[in-house]
Amino acid sequence: MEKIKVALVEDQRLFRDGLYALLNASPEFEMIGVADNGVQFLSMLEKGKVPDVALIDMNMPHLNGFELVEILVKRYPLIRSIILTIHNQERFIAKMVEAGVAGYLVKNCDFEEVKAAVASAYATGFYFNEATIKAMRTINKHKNGPVRSFADIPIVLSDRETQILRLICRENTNAEIAEILNLSPRTVDGHRNNLLAKVGCKNTAGLVLFALKHNIFESDSF
């Protein structure tokens, strides 16, 4: 099985060394780098060490997690960024998701959730736990009206786009969606890219946020 390439960006040495050791001991992951801060991580990327998933501390010197994610979205859009933080405020979570993170974890979570987050972000482009979903719903529960993009432009989704968006929210990959809808993976990828452009978001996590915001997707797990 192909290993997921993971990098860790964390300035707290004890936490960093402990998490690195756990990840490095997991057979499904390949640890390709560790950095003390965002500047060091960008230097690592420039040298060709580009991970599939990056676990990034929110509060770091020189370049914090929010600033780093903004740079990664522009320069390395294929990297799935998962924020690590002690903060669990709902609006803070929403801000990070809108900035382009693929996932959000508080530092007191257990290691099994870290592994699940990395695997989900790699396979589907996002990882939303119950706290993240609650934050999205709490913030948007009083919002009604027409469907609008993140740029506040009214938009209309086709039936096929809505269908694919709901399947994305159910954590289906492009290949799985193609099989379910009897389409080619390239066609599904085209619809996904059209959704990203129409909605005006940066990644799959943004599409899920959009779906939650407009009550396009509802399920017991969400």
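Some notes on this structure:
- Lys-Lys pairs in region 4-137 that are eight or more residues apart or on separate chains and whose Cα atoms lie under 14 Å of each other come to 4.
- Once the chain from Glu130 to Thr173 is taken as fully extended at 0.36 nm per residue, the excess over their C-alpha distance is 13.4 nm.
- Between Leu196 and Asp152, the modelled label-to-label distance comes to 2.6 nm, taking each label 7 Å out from Cα in the direction of the beta carbon.
- Three-way shape call for region 144-213 based on the alpha-carbon gyration tensor, with the a/c threshold at 1.5: prolate
- Mean residue ellipticity, 222 nm, helices only, the chain: the sum of -39500 (n - 2.57) across DSSP H runs of n ≥ 4, divided by residue count and rounded to 500, is -15000 deg cm²/dmol.
- DSSP bridge pairs, the chain: antiparallel proportion in percent, nearest 5: 5
- Computed about the Cα centre, the dipole magnitude for the chain is approximately 640 debye when only Lys and Arg (+1) and Asp and Glu (-1) carry charge, each at its Cβ.
- For region 1-127: rounded, prolate or oblate by the Cα gyration tensor [a/c cutoff 1.5]: rounded
- For Phe66, Phe92, order by how many other beta-carbon atoms lie within 10 Å, fewest first: Phe92, Phe66
- Potential extension, Lys49-Glu70 segment - 0.36 nm per residue separation minus Cα distance: 5.7 nm
- Protection proxy ranking for 18-29, 202-213, 118-129, using the average of other Cβ atoms within 10 Å per residue and placing the highest first: 202-213, 118-129, 18-29.
- Rounded to whole numbers, the Karplus 3J(HN,Hα) couplings from phi for region 34-41 are 9, 9, 7, 7, x, 5, 5, 5 Hz, using 6.51 cos²θ - 1.76 cosθ + 1.60 with θ = phi - 60°, and x at Gly and Pro.
- Model label sites at Asp159 and Ala25, defined 7 Å from Cα along the beta-carbon direction, differ in position by 5.4 nm.
- Aspartates and glutamates with Cα under 16 Å of Lys202, excluding same-chain neighbours fewer than 8 positions away: Glu67, Glu70, Glu98, Asp152, Asp189
- Between the listed residues Ala211, Ser184, Asn172, the Cα displaced farthest toward the positive end of the dipole of region 144-213, a dipole computed from Cβ unit charges relative to the Cα centre, is found at Ala211.
FYI, it's all coordinate maths here, none of it is from the lab. Please read all numbers here as calculations on a predicted model, not as lab measurements. Note that we place each Cβ from the backbone using ideal geometry, even for glycine, and neighbour counts take in every protein chain shown.
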